[in-house]
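Notes follow once the structure below has been shown.
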Amino acid sequence: MPQQTDTRTTRRWIVLGLIAAVAIAAVIIAVVVATRDATDPAPVPSSSRSASPSSEPADSLPTGCLGGEERNAAMLGQTIEAAAHTSNGAIEVAASFVRWFQRYPYPDADEVLAIEDGVLAKQSFTDDLANYLSTRPDLSGGIVAEGTTYWMSTVPGVWHLESSSGDEVVVTIGTAFVVDGALSPTLRSSITVTVRWEDDGWRVSNADGTRTTEDIYAIGRPFVEGC
């Protein structure tokens, strides 16, 4: 079962090592996961939003749900297609990638191949994501019991722009665990994602753990919608 927090803020670092078995190198994706006391009542995920991309101005604030509520390759493709060539567009793609990747059960093989072909940058953290997921890694870092269904929500999610150079954006995404369909009031995750503008769209080139959840939730800006 997920660990619970008391009235004192629990500081916990858990680093997931993502090691892709490739011939020329071992590549690591680290996900920093921790718990954080909730200071406000936990929001409830909405099920009434459309599964299609939001129709929004070219550079409106990040919604955290641009591609719709699904957590599949089609959702990520819709996010990339709709995301503007701006830092806010890059943040949308990063948030959608976190929602797609960090969950259990894992994406199926066809989903992974679609992500490798259409979502990952030409030079990304791995060129064999399917092989990595076949090893059944614990993407919750021990927060969720083995075999338990969970996914990440941006409803109480936040983002912080680390850097932007026009065609490369680094952003930290804070999300909440949804375990067996219930949004946790305390369990949070922090992942820093790098995206690059390639082939007329944002592509994911790296994902790493650089901030604690306490840090990102202290400095991050909330998504205006979330899902």
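3J(HN,Hα) along segment 210-227, derived from phi through the Karplus expression 6.51 cos²θ - 1.76 cosθ + 1.60 where θ = phi - 60°, amounts to 10, 10, 6, 5, 4, 5, 5, 6, 7, 10, x, 9, x, 5, 7, 9, x, 6 Hz, with x in place of Gly and Pro.
Assuming a ≥ b ≥ c are the square roots of the Cα gyration tensor eigenvalues, decide whether segment 129-227 counts as rounded (a/c under 1.5), prolate (otherwise, with a/b larger than b/c) or oblate. Oblate shape, in that a/c is at least 1.5 and b/c is the bigger or equal ratio. Among rounded, prolate and oblate, which fits segment 102-185 when a ≥ b ≥ c are the square roots of the eigenvalues of its C-alpha gyration tensor, a/c under 1.5 means rounded, and a/b larger than b/c means prolate? Note, shape of segment 102-185 comes out oblate.
For segment 180-195, 3J(HN,Hα) computed residue by residue from phi via the Karplus equation (6.51, -1.76, 1.60; θ = phi - 60°) reads 6, x, 10, 5, 6, x, 10, 7, 10, 9, 9, 9, 9, 10, 10, 10 Hz, glycine and proline entered as x.
What is the local net charge at ASP127, summed over the other residues whose Cβ is closer than 12 Å to its Cβ (Lys, Arg +1; Asp, Glu -1)? Computed value for this residue: -2.
By other beta-carbon atoms within 10 Å, ranking ARG136, ARG71, ARG99 with the fewest at the front produces ARG136, ARG71, ARG99. What is the local net charge at PRO107, summed over the other residues whose Cβ is closer than 12 Å to its Cβ (Lys, Arg +1; Asp, Glu -1)? Here the charged neighbours net out to -2.
Can you list the residues, at least 5 places off or on another chain, whose amide H is less than 5 Å from the amide H of ARG203, using H built in the peptide plane? For ARG203, the qualifying residues are ARG196, TRP197, GLU198.
In terms of surrounding Cβ atoms within a 10 Å radius of their Cβ, SER184, SER190 rank from fewest to most as SER184, SER190. Quick one: grab the alpha carbon gyration tensor of segment 56-160, order the square roots of its eigenvalues as a ≥ b ≥ c, and give me rounded if a/c is under 1.5, else prolate or oblate depending on whether a/b is larger than b/c. Oblate, because a/c is 1.5 or more while a/b does not exceed b/c.
Rule-based calculations on the coordinates, nothing more; no lab input. No experiment lies behind these values; they were computed from the predicted model shown. With ideal geometry, Cβ positions are generated from the backbone for all residues, glycine too; neighbour counts draw on all protein chains shown.
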